[in-house]
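The block underneath contains the structure these notes are about, expressed in structure tokens.
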Amino acid sequence: MQRIIKPSLCIALSLALNACAQSTSQPAAATSPAQQVQTQAGQMQVQAIASGLEHPWAVALLPEGGFLVTERPGRLRRIAADGTVSAPIAGVPAVFAEGQGGLLDVVLDPDYAANKRIWLSFAEPGEGNTAGTAVATATLGDAALLDVRVIYRQAPKLEGGNHFGSRIAFDGKGHVFISQGERNQRAMAQDLSVLQGKLVRLNMDGSIPTDNPFYARSSARNEIFSYGHRNMQGMAVDPRTGKLWQSEHGPRGGDEINLPQAGRNYGWPIITHGINYSGLKIPEAEGEAKAGMEPPYHVWEKSPALSGMAFYTGHPASAWNESLLLGALAGRSLIRLTLDREKIKAEERLLTDLDKRIRDVRVGADGAVYVLTDEADGQLLKLVPPRR
């Protein structure tokens, strides 16, 4: 358990949140000073930058300063370094804002400094109250998105509000990875003719790489990179190796980290460490392992409900250097995994006293960590890790 150095982190950040909650029409800068919080590696600083955000889902750090934050109901906002929150940026595609659907990930293009291009993932509405995961690119203007183009659509669109994913990551080799969910239709994760429950790999212009593992198979969707996934809400490329890591929700138990490889089957729902929320066995499950299916690289028998992932590397003066950070929703914490190369050595739960759902985590060039709390009045927080 983390020890809070007075004044209390919970009280100070809650006061900032409640002050902004008086008017939900416009989020505002938080005014609380940074608080000192004891962790296993020493004291970290925690400060609320902005509050009053409605279920914020993702944060992107702008090189010119400030942030872009998505709100699940369909709003994209710019937040200045001092916490000033903009009005919603115009031009965001229409979203299916029901259940777990809405506006999801936001990331900057690898050439953002030159092209001001951003990428958004979202639940896209279809006919008859159906929806599916989609990804769009756009040019970021001062108050509006320009040249909005949808480059990926999950097919088919389905009814229901669950398991959209979705995160976006670049491999540095001209490709973009898009994670998503199986839309709570378990069998679809094993069906290569549909896109539910698949990790997708595209070229940067939205075309399909000819070296994708199922490119030449007429019975499979050519966009697929790997399959047998449940609901992938965390994804990041290890800057040390260039390898892609992803996390996904299990059912009741069995949250996973995987290092996906081309053409591999990650098992859902045939292999799993979880059970149904009812307490009953997953009907299709045959156990925790099966020949021809990839076991999880790391698994939690009790699900923290993982969302958001960031590597913390290249900061040797920080006590958190060589770590993997993951948001936890049900676990209401920020998870720090200590790494020895790719081996996971230890786990620490941070921000437990705050008792908030952590939806996203990103690392700044200066080593500061930024997290979003997924609440009706959510916050953007800045963490300064302990030094060695």
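For the range 246-305, GluC sites (Glu not before Pro) are listed when DSSP marks them as loop and at most 15 other Cβ atoms sit within 10 Å of their Cβ; the list is GLU284, GLU286, GLU288, GLU301. The GluC sites (Glu not before Pro) of the range 320-388 that DSSP puts in a loop, and whose beta carbon has at most 16 other beta carbons within 10 Å, are GLU342. Can you find, among VAL106, GLN26, TYR277, the residue sitting farthest towards the positive end of the charge dipole of the chain, where Lys and Arg contribute +1 and Asp and Glu -1 at Cβ? My answer, from the dipole projection, is TYR277.
A 27 angstrom limit on the alpha carbon distance is what I want to check against. Which of LYS173/LYS343; LYS198/LYS302; LYS281/LYS345; LYS116/LYS356; LYS198/LYS281 exceed it? The partial results should precede the final answer.
Numbers: LYS173/LYS343 25 Å; LYS198/LYS302 24 Å; LYS281/LYS345 31 Å; LYS116/LYS356 32 Å; LYS198/LYS281 23 Å.
Table pairs above 27 Å Cα-Cα are LYS281/LYS345; LYS116/LYS356.
Once the chain from ASP366 to GLU284 is taken as fully extended at 0.36 nm per residue, the excess over their C-alpha distance is 24.8 nm. Across the chain, Cα-Cα distances exceeding 38 Å account for 14% of all pairs.
Rounded to the nearest whole Hz, the Karplus-based 3J(HN,Hα) values (6.51 cos²θ - 1.76 cosθ + 1.60, θ = phi - 60°) of the range 241-246 follow the sequence 10, x, 7, 8, 10, 9, with x at glycine and proline. If the chain linking MET293 and LEU61 were pulled fully straight, counting 0.36 nm for each residue of separation and taking away their Cα-Cα distance, it would gain 79.9 nm. Label positions at ASN162 and ASP211, each projected 7 Å from the Cα along the C-beta direction, are separated by 3.8 nm.
For the range 220-304, the set of trypsin sites (Lys or Arg not before Pro) satisfying both a DSSP loop assignment and a count of at most 16 other C-beta atoms within 10 Å is given as ARG240, LYS243, LYS281, LYS290, LYS302.
Charged side chains reduced to their Cβ positions (Lys and Arg at +1, Asp and Glu at -1) give the range 76-130 a dipole of some 240 debye around its Cα centre. Extending 7 Å from Cα along the Cβ direction at THR139 and again at ARG252 yields two label points whose distance is 5.2 nm. Take the Cβ atoms of GLN43 and ALA81, set R0 to 41 Å, and the FRET efficiency comes out at 0.95. Among LEU145, ILE178, ASN129, whose Cα projects farthest towards the positive end of the dipole of the range 119-179, with charges put on the beta-carbon of Lys, Arg (+1) and Asp, Glu (-1)? So the residue furthest toward the plus end is ILE178. Between the Cα long axis of helix 9-21 and the first principal axis of the chain there is an angle of about 80°, rounded to the nearest 10. Charge dipole of the chain (Cα centre as origin; +1 on each Lys and Arg Cβ, -1 on each Asp and Glu Cβ, all else neutral): 520 debye, rounded to the nearest 20.
Suppose the chain between ASP340 and TYR277 were pulled fully straight at 0.36 nm per residue; how much longer would it get relative to their current alpha carbon spacing? Working shown, then result.
Details: separation 63, 0.36 × 63 = 22.68 nm, distance 3.43 nm.
Roughly 19.2 nm would be gained on extension.
Only Lys, Arg, Asp and Glu carry charge here, each on its Cβ (+1 for the first two, -1 for the last two); on that basis the range 141-184 has a dipole of about 140 debye about its Cα centre. Surface exposure of the range 156-260, expressed per residue as accessible area with a 1.4 Å probe, stands at 33 Å².
The values are calculated or read from the model by the stated rules, or taken from the named source; none is laboratory data. Nothing here was measured: the structure is a model prediction, and the numbers come from that model. Note: ideal-geometry Cβ built from the backbone for every residue, glycine included; neighbour counts use all protein chains shown. We work out accessible area using only protein heavy atoms, side chains counted, and drop any ligands, DNA or RNA first. Shrake-Rupley method; radii C 1.70, N 1.55, O 1.52, S 1.80 Å.
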